[in-house]
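One structure is given here, and the rest of the page talks about it.
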Amino acid sequence: MKMQHLTDLEIASFIDGKSIRKKRVIEHLNRCKYCFEITTETMHFVESNKELCRKLNANYEKWVKNFLKS
């Protein structure tokens, strides 16, 4: 049986510390080189670009609020 990769949302939730399936994600990362590399590269990017990520999050939250108003 072919293993399915983690979704972008699963990886993002794990990195943000908000994953409700943390144990399953960790088990997957221990078995899947592809997902492990994507996750660690993303973690490195976020850590190296904190101000950019903060601005992106703020703009996204603003966009969502405006979208929900319409």
Item to check | Free-standing Cys residues across the chain, given no other cysteine C-beta under 4.7 angstrom | outcome: C53
Checklist entry - At a probe size of 1.4 Å, how large is the accessible area of R54, to the nearest 10 Å²? => result 130
Item to check | Positive-end extreme of charge dipole, the chain - chosen from A58, L29, T42 (charges on Cβ) | outcome: A58
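Tally Lys/Arg at +1 and Asp/Glu at -1 over every other residue whose Cβ is under 12 Å from the Cβ of K22; what's the total?
Values: positive: K18, R21, K23, R24; negative: E10, D16, E27.
That works out to +1.
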Checklist entry - What value, in deg cm²/dmol to 500, does the helix sum -39500 (n - 2.57) over DSSP H runs of n ≥ 4 give at 222 nm once divided by the residues of the chain? => result -24500 deg cm²/dmol
Item to check | Accessible area in the full protein assembly, largest first, 1.4 Å probe, for V46, V25 | outcome: V46, V25
Checklist outcome for this item: So, with points 7 Å from each Cα along the Cβ direction, the E47-R24 label distance in nm works out to 2.7
Next on the checklist: If I fit a long axis through the Cα atoms of helix 33-48 and take the longest principal axis of the Cα atoms of the chain, what angle between them do I get, 0 to 90°, rounded to 10?
Outcome noted: 40
Next on the checklist: About the Cα centre, and with charges only on the beta carbon of Lys, Arg (+1) and Asp, Glu (-1), how big is the dipole of the chain? Nearest 20 debye, please.
Outcome noted: 300
Checklist entry - Angle, helix 50-69 long axis vs. longest principal axis of the chain, Cα atoms, 0 to 90°, nearest 10? => result 60
Checklist outcome for this item: Rounded to the nearest 10 Å², the 1.4 Å probe accessible area of S48 is 70
Checklist outcome for this item: From most to least accessible, 1.4 Å probe, no ligand or DNA/RNA atoms counted, L68, L29 line up as L68, L29
Checklist entry - In terms of Cα to Cα distance under 19 Å, which lysines are near enough to K62, apart from those fewer than 8 places away along the same chain? => result K50
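Which net charge results when you count Lys and Arg as +1 and Asp and Glu as -1 among the other residues whose beta-carbon is under 12 Å from that of E61?
Once all neighbours under 12 Å are counted, the net charge is +4.
The values are calculated or read from the model by the stated rules, or taken from the named source; none is laboratory data. Quick caveat: nothing in here was measured; it's all calculated off a predicted structure. Please note: Cβ atoms are built from the backbone with ideal geometry, for glycine as well, and neighbour counts cover all protein chains shown. To get the accessible areas, we keep the full protein, side chains included, count just its heavy atoms, and leave off ligands, DNA and RNA. Shrake-Rupley method; radii C 1.70, N 1.55, O 1.52, S 1.80 Å.
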